[in-house]
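Asks: Have a look at the structure that comes next, please.
The values are calculated or read from the model by the stated rules, or taken from the named source; none is laboratory data. In this text, all values refer to a predicted model and were calculated from it rather than measured experimentally. For neighbour counting, all protein chains shown are included, and Cβ atoms are generated from backbone atoms with ideal geometry for every residue, glycine included.
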Amino acid sequence: MFLFSCNNTINLNSKGWVNSNDDVFVLNKKNKPYVLNDILIIPEKKTFYIKNGVHLILKKNGKIINGGTLIFGEKNSLDSLYSFSLKDPFLDSVFYYNIEVSGGSESFIFSKKNSLESVFNINNTFFKNINFSCVNNNEIFINNSIFDNCVFNTENSKTNIFSSYFKKVIINKKNSDIILNNSVFNELKKPIYTDSSNSIINNCLFINSNKIFVFSNSYNNNILNSFFYKNNTAISIINKSFGYYKFFNNIFKENNIVLNSLDSSSFYFMNNIFDINNTVLKYKLEKKSNKSIISKNNIFYNNKINFDLKNIKISNSYCMSNNDSLIGYYNIYADPFFYNSNNFNYKLNNYSLGLGSGINNLNLGVNINDINIIKYLKY
């Protein structure tokens, strides 16, 4: 069992572990918050498990170093004990959570993989002002959680994020893979630098940020079923990237620049919608490239500049634009006639020329039913 002081301060032994001989330690719900003032060290083959209903405050020197198993919340249980409103002029939703963890500017949770048994899982938890570090082939799983003003540092690790909300966070990656799924990223403080391969971004909303992704020394990354809204630069590709990038079934709306590339990687754009952006593709190469940007089944609508290209060509086929005669084959110069793009309804009206006009008689633009993240946008 745990030993606590009268004010719920977590007491530690000389090795930084709790005063107990048990291998699994459970922090259960109490009326008062738990307070951690020292460095909690979770040894190999030890488990620190925080149950639903707990409020944990990391004060002063309060830190957690995980070398064993660290679990916040119950993965398959959402009791909706607490609610968090997004309170944003462009977002309209409420997230629910079961655990709250808050700290000061120096509060951090550090996890490193000491053995195959090392685990770091976060479920249904609200974090505020916490710094995270994951190193040494560690893998972190985040599910249905909220992060406000937090910092993530990952090195030689893998991050898996599902159904979560991030506000004013920093995500630093070094030689680390990342999977982002069904999550909202609002007002990123810094871009997400990606120097790894095979990253997957699926069904995510990126909003109100200066830069979202910067790819460098990376390849074979995929962005699909996602929404980029009101950002300065959505995606940047810089030096020494190679392989290919796939953009499938995404919506890019009211961004200054959608893609800014200084590299001759291969790009495939298929079934995307580009709506009211200042510049869609800005691609400047110092030397002429034999490659072409592949664009199929896309809709370019009310953009100021679709293509600002130097030393590279774009091949558009089966695409539509209402203000640009696209170079390529089987393209359509027409209004797509969305149901109501102002309210993010990008279904095509029954009289739209985009219906059945794509490859294999597919509709042009996105399959809106696959972009579930759109539900968080305020009409």
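Asks: Applying the selection to region 198-217, what residues are part of a loop (DSSP other than H, G, I, E, B), buried (at least 19 other Cβ atoms within 10 Å of the Cβ) and not small (Gly, Ala, Ser)?
Replies: Those that are part of a loop (DSSP other than H, G, I, E, B), buried (at least 19 other Cβ atoms within 10 Å of the Cβ) and not small (Gly, Ala, Ser): Asn203, Cys204.
Asks: Here is a follow-up. Failed condition for Tyr244, given (1) surrounded by fewer than 21 Cβ atoms within 10 Å (Cβ to Cβ); (2) under 23 Å from Asn340 (Cβ atoms); (3) among the aromatic types (Phe, Trp, Tyr), with all others met?
Replies: In the conditions (1) surrounded by fewer than 21 Cβ atoms within 10 Å (Cβ to Cβ); (2) under 23 Å from Asn340 (Cβ atoms); (3) among the aromatic types (Phe, Trp, Tyr), Tyr244 misses (2) alone.
Asks: Identify the single condition in (1) closer than 19 Å to Tyr229 by Cα; (2) part of a loop (DSSP other than H, G, I, E, B) that Val280 does not satisfy, given that it satisfies every other one.
Replies: Val280 satisfies every listed condition except (2).
Asks: Which of the residues spanning region 291-320 are surrounded by 20 or more Cβ atoms within 10 Å (Cβ to Cβ), in a loop (DSSP other than H, G, I, E, B) and over 26 Å from the mean Cα position of the chain (by Cα)?
Replies: Listed by number, the residues that qualify are Ile312, Tyr318, Cys319.
Asks: Which residue out of Asn66, Asn138, Asn143 is farther than 25 Å from Gly16 by Cβ and either at pLDDT 95 or above or buried (at least 20 other Cβ atoms within 10 Å of the Cβ) (or both)?
Replies: Only one candidate qualifies: Asn143.
Asks: I want to confirm something. Restricting to region 173-197 and keeping residues that are part of a strand (DSSP E or B) and surrounded by fewer than 15 Cβ atoms within 10 Å (Cβ to Cβ), which single residue is modelled with the lowest pLDDT?
Replies: Here the residue is Ser197.
Asks: Here is a further query. Can you name the residue in region 321-343 that is assigned to a strand (DSSP E or B) and not β-branched (Val, Ile, Thr) and is also modelled with the lowest pLDDT among such residues?
Replies: The extreme case among them is Gly328.
Asks: Also, quick follow-up: I'd like the residue in region 249-265 that is in contact with a Ser or Thr (Cβ under 6 Å, 6 or more places away or on another chain) and in a strand (DSSP E or B) and, out of all such residues, is nearest to Ile299 (Cα to Cα).
Replies: Ranking the qualifying residues of region 249-265, first place goes to Ile257.
Asks: Against the condition more than 27 Å from Asn28 (Cβ to Cβ) and either at pLDDT 90 or above or more than 14 Å from the chain's Cα centre (by Cα) (or both), how does Val119 come out, does it pass?
Replies: Taking the combined requirement at face value, the residue does not satisfy it.
Asks: Further question: List pairs: first in region 9-35 and within 22 Å of Gly103 (Cβ to Cβ), second basic (Lys, Arg), Cβ under 7 Å, 6+ apart or cross-chain?
Replies: Correct list of pairs: Trp17/Lys46; Val26/Lys51; Leu27/Lys51; Asn28/Lys51; Lys29/Lys51; Val35/Lys59.
Asks: Among Tyr346, Tyr268, Tyr379, which is the only one that is within 27 Å of the chain's Cα centre (by Cα), part of a loop (DSSP other than H, G, I, E, B) and of a type in the set (Phe, Trp, Tyr)?
Replies: Tyr379
Asks: Then there is this: Does Ser216 count as within 17 Å of the chain's Cα centre (by Cα) and not assigned by TED's automatic domain parsing to the domain that holds Val169?
Replies: no
Asks: Follow-up question, since we're still on this one. If Ser93 meets every condition in (1) polar (S, T, N, Q); (2) buried (at least 16 other Cβ atoms within 10 Å of the Cβ); (3) touching a residue at least 40 places away in the same chain (Cβ under 8 Å) apart from one, which number is that one?
Replies: (2)
Asks: Moving on. Select from region 198-209 the residues that are hydroxyl-bearing (Ser, Thr, Tyr) and at pLDDT below 95 and list them in ascending order.
Replies: Ser199
Asks: Further, regarding this structure: Check whether at least one residue in region 105-113 is modelled with pLDDT of 95 or more and either in contact with a Pro (Cβ under 7 Å, 6 or more places away or on another chain) or assigned to a strand (DSSP E or B) (or both), and report yes or no.
Replies: no
Asks: Kindly provide the set of residues from region 152-172 that are closer than 19 Å to Tyr96 by Cβ and outside any strand (DSSP E or B), ordered by number.
Replies: Within region 152-172, Ser163, Ser164 qualify.
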